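One structure below.
The values are calculated or read from the model by the stated rules, or taken from the named source; none is laboratory data. These figures come from a predicted structure and were not determined experimentally. Methodologically, a virtual Cβ is constructed for each residue, glycine included, from the backbone with ideal geometry; neighbour enumeration extends over all protein chains shown.
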Amino acid sequence: MSPYEVRIIRSARKTIALKIIPDGKLEVRGPYGLTGAQVQRLLTEKAQWIEKHMKRMEEQKKQRKMIVPLTEEEIRSLAHQAAQVIPERAAFFAERIGVDYGRITIRNQKSRWGSCSSKGNLNFNCLLMLTPPEVLDYIVVHELCHRKEMNHSPKFWAEVERILPDYREQESWLRAHGAEIIQRMTG
């Protein structure tokens, strides 16, 4: 028996998947015929993986408690900086990509770095001002490339890579540090 709470979800799928959900519980997804013995076997086989990731999640929780939220004044300052910097970067990269765009809006968001609407309007998170300049550029390029491909297809990623051959490094930086920055957003 697992020391963790396990939620089992059966569906029309053919494979078994294991996931740690944010509340620290385990989720096992499998086909309708999934038995308790199969679940237990999976949990036994993946015990080291589970323990490693549960410890990592605990560490992340501790770190989140130490994160200092931004004040309203700091958020306004970041938004003001972003309104100066991001349109300039968007104009620069739009020319290189060969696209146009509508209006640019700076937001203080808790979940997204940027977005591109079907009408070509771009939204960017003011927290980008807390990232390295090359990460900011990556987000700008990412959203502008949606002006050519409104999806994340291989064609889309090829266009991003054409403009920023090292874009994977920026994605990696965001995976490592992005959540910590986003968690500083207060209101």
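Taken together, the residues in the range 150-178 that are of a type outside the set (D, E, K, R) and exposed (fewer than 14 other Cβ atoms within 10 Å of the Cβ) amount to 9.
Checking each residue in the range 161-187 for being within 11 Å of VAL141 (Cα to Cα), out of contact with any Lys or Arg (no Cβ under 8 Å at 6 or more places or on another chain) and in contact (Cβ under 8 Å) with a residue 12 or more places away in the chain picks out LEU164, TYR167.
Once the range 2-56 is narrowed to residues that are in a loop (DSSP other than H, G, I, E, B) and of a type in the set (Val, Ile, Thr), the residue that is surrounded by the fewest Cβ atoms within 10 Å (Cβ to Cβ) is THR15.
Among the residues of the range 7-27, the ones that are farther than 15 Å from HIS53 by Cα and either touching a Leu at 6+ places or on another chain (Cβ under 8 Å) or not hydrophobic (A, V, I, L, M, F, W, C) (or both) come to 8 in all.
Yes or no: the range 97-110 includes at least one residue that is under 15 Å from the mean Cα position of the chain (by Cα) and surrounded by fewer than 21 Cβ atoms within 10 Å (Cβ to Cβ). Yes, there is a match, as at least one residue in the range 97-110 is under 15 Å from the mean Cα position of the chain (by Cα) and surrounded by fewer than 21 Cβ atoms within 10 Å (Cβ to Cβ). I'd like to know if the range 65-84 contains one or more residues that are in a helix (DSSP H, G or I), within 30 Å of VAL28 (Cβ to Cβ) and charged (D, E, K, R). There is at least one residue in the range 65-84 that is in a helix (DSSP H, G or I), within 30 Å of VAL28 (Cβ to Cβ) and charged (D, E, K, R). If the condition is being within 25 Å of the chain's Cα centre (by Cα) and either at pLDDT 90 or above or outside the structural domain of HIS53 (by TED's automatic domain parsing) (or both), then the range 20-36 contributes LEU26, GLU27, VAL28, ARG29. In this structure, HIS80 does not qualify as crowded, with 19+ Cβ neighbours inside 10 Å and at pLDDT 95 or above. Among the strands (runs of 3 or more DSSP E) confined to the range 93-160, the ones with at least 2 residues that are farther than 24 Å from ALA176 by Cα and either assigned by TED's automatic domain parsing to the domain that holds GLN81 or in contact (Cβ under 8 Å) with a residue 40 or more places away in the chain (or both) are located at 104-107.
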